[in-house]
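Asks: What follows is a single structure, and I will ask about it in a moment.
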Amino acid sequence: MMLWRVQAVTDIESEEENPMIVNRTENFEEDLLGKVVSTEEEAYNLYNSYATRTGFSVRRGQKRYNTKKVLRQFSYFCSKEGFRLDSDPSEVSMANKLETRTGCEARIRFAFQNDNGMWKVSHFVYEHNHELAMPEERQFLRSNRKVSEAHLGVIKTMMDAGIRTTNTYSYLSEEVGGSQNVGFTKRDCYNVVNKEKMVMIEAGDAQSLINLFKRKQAEDPMFFYTVQVDQENRMTNFFWRDGRSRIDYDCFGDVVVFDTTYRTNRYNMICAPFVGVNHHWKNVLFGCAFLLDEKTDSFIWLFETFLESMGGRKPKTIFTDQCQAMANGIEKVFPGVCHRLCSWHISQNAARNLGSYYGNPEFNHMFNKCLQGYCETELEFQSTWDDLLAKFNLTGNQWLKTLYSLRAKWCPVFSQHIFTAKIKSSQRSESTNNVFHQMSTKTMSLTQFVHHYDKQAEKMRSSELEESFRCNQGLSSRIAKSSGLMNHAATVYTRKIFKLFEKEFVDSLGVMMHEVGSDGTIHSFELNEEGHKRVYIVQLNSLNCSISCSCKMFESMGLLCRHTLRVLNVKCWSQIPKQYILKRWTKDANKGLEASEHGELLQTKGKSSVTLRRNTLMRTAYDILTKASETENTTRIALQKLREIAGLIEKEMIKSKGEVNAKIHDSLDDCNATTFDETPVQNPSCVRPKGISNARLKSVMEKRRRKTSKDIVSSRKTKQPSSIGPSYNSSHAPLSSNFLHPDGVPMSTNINNHVYPAISLLTTNGHAYLPPSNQVQELFMLGNLDSF
């Protein structure tokens with residue numbers, strides 16, 4: 001047998017008996033025999049360091065105890081010591097695994113010294129029967145690879161930030177001058193990340209998510225979440241929002257954008273964020289949901305849950321894409337709310353359904369005139385639409401007929417009196433959803449996604465805080481100093497909104513005006529822009545300072561248009577009438593929100609007012625503490641004042657013999673554990689349709705067009721019409737006949753010939769339950785199983 005770096009066996013006892021064995025080769029580098037260490041860990045480090053320099057990996061060996069169970073000896077071997085036991089040939093995983101053991105005899109033994117309590121090397125074998133690793137290969141030795149605490153901290157931080165593992169390892173390699181100096185391989189890095197992910201969902205993904213929500217609710221009393229499960233106690237749908245989202249909704253919840261175009265998790269569930277527009281013209285998150293399907297029942301449940309979480313306050317306008325099931329849910333839950341369709345989706349569907357017509361410049365001009373709101377009146381829209389159909393002979397086009405029937409939901413001229421913040425599509429929600437899509441993967445757990453959602457929300461709120469800081473640094477434009485109206489606008493509006501106002505003001509200089517009537521109080525003006533024939537009518541009431549324009553920009557946008565600004569400027573007004581300064585666009589849009597609740601807070605007494613008082617305090621303190629965290633000085637001031645406040649409250653609590661602290665600790669202790677009567681919620685179904693991806697979901701029209709094309713091709717090949725069977729959804733399986741209801745009644749497979757697809761589970765306290773059987777039918781009848 002070939003020996004590599006052949007060394008002699010040495011032993012304290014055998015040296016004296018046979019000195020000839022001590023002869024060593026010229027390759028001898030160091031001798032560990034007789035070395036003394038104080039701990040077992042120090043002994044391992046000694047031998048492992050030697051092994052790294054030599055070129056082999058270490059494996060822990062035998063331990064020997066005395067009759068009193070006290071450790072007396074322990075050994076470390078070369079990793080190639082011994083041979084692997086013969087395995088069953090049928091075990092494919094073991095059969096394909098490479099054989100690495102060679103029966104190497106290299107080892108070291110440490111014995112306990114009674115006289116000094118230290119560990120001494122009593123046996124040392126240098127001899128290896130295999131090739132040793134070259135210096136450039138020693139970074140891959142198993143015992144030489146270890147993720148240090150410092151590197152582990154960096155990996156966790158980057159994992160929480162949504163940075164991919166391969167980029168994390170590249171960063172660590174760059175920091176230490178190459179991968180050979182990192183101390184572990186890229187595979188080790190992936191293993192660490194996967195281990196952290198498994199710890200995150202050790203109770204199961206669904207139950208871990210509920211535990212996470214419970215912890216968040218203990219930390220944030222305004223946190224809200226709701227979960228829906230099916231008959232098998234599997235999670236189907238869930239929704240959550242934090243306290244800050246509720247505050248943002250109170251300020252900017254007049255317009256909501258809702259979109260369901262991406263599936264960004266391992267269960268192929270649909271990501272559905274609720275997005276709004278803040279006073280800086282940036283996206284703001286109102287909450288997020290995951291849905292197992294896009295059926296009417298699911299949307300009704302979600303919209304009712306969202307409404308409940310926001311205190312029953314409905315938005316003025318909601319934007320969605322084209323989905324009949326979604327429209328059914330909005331009609332039922334949000335009656336009276338203006339439902340607008342995404343103009344971008346309509347444009348995409350027009351390109352697919354109108355073929356060559358959509359490439360005609362004249363057709364595009366007429367179609368976009370109707371779609372984008374360039375028609376000023378309903379009569380003008382109808383005339384343009386009729387001309388479009390007649391000119392291009394599209395009277396019989398079914399897609400245009402369907403689109404025309406929905407004109408009130410997409411043509412701005414039919415909703416000029418409704419506030420829409422000048423949003424024309426759901427792309428604000430899609431852009432936010434796309435951010436989640438980019439930072440997620442097909443294998444991401446729901447718990448991980450919620451963590452990423454929190455990080456993204458934190459970034460958006462930090463950006464809002466930065467923009468608010470800039471707004472308070474001075475005027476946004478030099479021209480503001482030369483005009484009273486502009487100066488007033490720069491004082492009250494945020495920078496972005498002021499720029500929009502500034503554009504209208506500058507454009508007003510090119511508007512020609514003449515007064516057409518006056519009764520001393522109400523003045524009427526006709527205005528038209530240079531190069532345009534359209535005439536706008538403006539009326540000014542000098543008594544109550546009211547002004548209106550036929551373009552309806554203020555009604556839909558909340559800003560005065562160039563026509564009204566022209567009249568005010570000519571009439572030498574130096575300030576914007578206060579009734580035309582919409583608070584949601586001002587610098588103070590989200591300040592003083594608690595003032596409206598102050599009177600109610602003082603009048604409300606008893607246990608029912610605890611939540612109201614707590615919410616008011618949370619809203620007041622949130623912005624203060626956020627600003628205080630920006631610098632060390634402000635943080636120190638805030639901490640000092642908080643300690644003083646805590647001392648005063650503690651004294652008051654002692655007087656009233658309160659036990660608030662005990663309740664808080666009890667709630668925190670219960671966050672990570674389920675109660676004895678709680679059934680753990682199971683993970684959603686992992687069944688993924690063949691070929692599914694995280695790409696944007698196709699619209700109804702796209703699916704219909706694709707299906708039709710496939711049917712045509714199939715019929716040409718087989719001369720028979722193709723048929724497509726209904727898809728099976730495991731979450732809609734019949735109820736198990738042996739499943740016991742909480743009221744003790746066995747649940748049958750159907751009630752009144754209806755199979756119940758899902759039972760609502762409201763778990764603000766994390767408890768999983770099914771409603772009594774007399775409520776199941778009532779819940780079920782809220783929606784139609786056969787709906788789209």
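Asks: Give, as residue ranges, the helices (runs of 4 or more DSSP H) completely inside the range 369-412 that count at least 2 residues that are under 37 Å from the mean Cα position of the chain (by Cα) and touching a residue at least 12 places away in the same chain (Cβ under 8 Å).
Replies: 398-405, 407-410
Asks: Something else about it: Considering only residues that are touching a Leu at 6+ places or on another chain (Cβ under 8 Å) and open to solvent by 70 Å² or more (accessible area, probe 1.4 Å), which ones fall in the range 376-415?
Replies: Thr395
Asks: Separate question: So, in the range 301-346, how many residues would count as being assigned to a helix (DSSP H, G or I) and either more than 20 Å from Gly287 (Cβ to Cβ) or more than 22 Å from the chain's Cα centre (by Cα) (or both)?
Replies: The total comes to 13.
Asks: Which ones in the range 554-591 are over 20 Å from Tyr249 (Cα atoms), free of Cβ contacts under 8 Å to residues at least 60 places away in the same chain and not charged (D, E, K, R)?
Replies: Once the filter is applied, which keeps residues that are over 20 Å from Tyr249 (Cα atoms), free of Cβ contacts under 8 Å to residues at least 60 places away in the same chain and not charged (D, E, K, R), the range 554-591 yields Phe554, Leu560, Cys561, His563, Thr564, Val567, Val570, Cys572, Pro577, Gln579, Tyr580.
Asks: Okay, next question. Does Lys424 fit the bill of being part of a helix (DSSP H, G or I) and in contact (Cβ under 8 Å) with a residue 60 or more places away in the chain?
Replies: no
Asks: Only one of these conditions is not met by Ile423: (1) hydrophobic (A, V, I, L, M, F, W, C); (2) buried (at least 16 other Cβ atoms within 10 Å of the Cβ); (3) modelled with pLDDT of 85 or more. Which number is it?
Replies: So the condition that Ile423 fails would be (3).
Asks: Name the residues in the range 212-229 that are under 17 Å from the mean Cα position of the chain (by Cα) and crowded, with 21+ Cβ neighbours inside 10 Å, would you?
Replies: Selection gives Leu212, Phe213, Phe223, Phe224, Tyr225, Thr226, Val227.
Asks: Could you tell me whether the range 606-625 includes any residue that is more than 30 Å from Ser508 (Cβ to Cβ), in a loop (DSSP other than H, G, I, E, B), at pLDDT below 80 and open to solvent by 40 Å² or more (accessible area, probe 1.4 Å)?
Replies: Looking through the range 606-625, at least one residue is more than 30 Å from Ser508 (Cβ to Cβ), in a loop (DSSP other than H, G, I, E, B), at pLDDT below 80 and open to solvent by 40 Å² or more (accessible area, probe 1.4 Å).
Asks: Name the residue that is surrounded by the most Cβ atoms within 10 Å (Cβ to Cβ), counting only residues in the range 253-292 that are of a type in the set (Phe, Trp, Tyr) and outside any strand (DSSP E or B).
Replies: Only one residue fits best here, namely Tyr267.
Asks: Taking the range 50-70 on its own, how many of its residues are open to solvent by 100 Å² or more (accessible area, probe 1.4 Å), in contact (Cβ under 8 Å) with a residue 12 or more places away in the chain and on the phi > 0 side of the Ramachandran plot?
Replies: Number of matching residues: 0.
The values are calculated or read from the model by the stated rules, or taken from the named source; none is laboratory data. What you see is a predicted model, and the numbers here were worked out from it, not measured in a lab. Reconstructed Cβ throughout: ideal geometry from the backbone, glycine too, with neighbour counts over all protein chains shown. Side chains included, ligands, DNA and RNA excluded: accessible areas come from the protein's heavy atoms. Shrake-Rupley method; radii C 1.70, N 1.55, O 1.52, S 1.80 Å.
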